[in-house]
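The values are calculated or read from the model by the stated rules, or taken from the named source; none is laboratory data. Given the structure is predicted, the values throughout are model-derived calculations rather than measurements. Every residue, glycine as well, gets a Cβ built from its backbone with ideal geometry; the counts of neighbours run over all protein chains shown.
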Amino acid sequence: MKVTLNWLKQYVDFNWPPEELAERLTMLGLEVEGVQKLGGEFEGVVVGQVLTKDKVAGSDKLSVNRVNDGKGERTIICGAPNHQPGDKVALILPNFALPLKPGEKEPFVIKERKVFGVVSQGMMCSNKELGLGEDGDGIIILPPDAKVGQPFAEHLGRAGSDVVYDLEVTPNRP
């Protein structure tokens, strides 16, 4: 059974952090199998807009892009061919981590790095990189009405400070 922190707070007055509540629920006999923070898996991912796209000198597949992140312009090196100037994209900023994939122990943190002599200041993401599906052939192209600079979780309708608890309800049978 899944319940959210905000739903529980409608019925019970408490101020425990999500992890402490999970422990207390377990001690009461409601085994907590998982805790998921909604929107948290997309921290540092914003809606960006591709302004320019040019070939990277010395590479057949890479492009150097100027992308507006809502606060300014960034240079992004990208290997996906499916975007054009004007497209809205999912952009992860430096020093933020991609969502963990099953079996991964450490998150992959995006850093500014030099590629073919050009510093890339983030990454335009595919569905696969963000854990939204298996399609990793191209980056996510968002609808034209997506708001540049908006947190990606908000764009998806997953924003907020809610937490989902996955509870194992044990049957009470002799």
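Values computed for the structure shown
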read-out: Matching strands (runs of 3 or more DSSP E) fully within the stretch 21-97 where at least 1 residues are modelled with pLDDT of 95 or more; value: 45-55, 63-68, 73-78, 88-92
read-out: Failed item, numbered, when Ile110 is tested on (1) in contact with a strand residue (DSSP E or B) (Cβ under 9 Å, 6 or more places away or on another chain); (2) farther than 16 Å from Gln49 by Cβ; (3) free of Cβ contacts under 8 Å to residues at least 60 places away in the same chain; (4) not basic (Lys, Arg); value: (3)
read-out: Qualifying residues in the stretch 98-129 (those that are over 22 Å from Val64 (Cα atoms) and charged (D, E, K, R)) - the one modelled with the lowest pLDDT; value: Lys101
read-out: Options Val109, Val67: the member that is among the aliphatic types (A, V, I, L, M) and closer than 15 Å to Glu41 by Cβ; value: Val109
read-out: Residue list for the stretch 115-174, restricted to those being touching a residue at least 12 places away in the same chain (Cβ under 8 Å) and of a type in the set (Lys, Arg); value: Lys147, Arg158
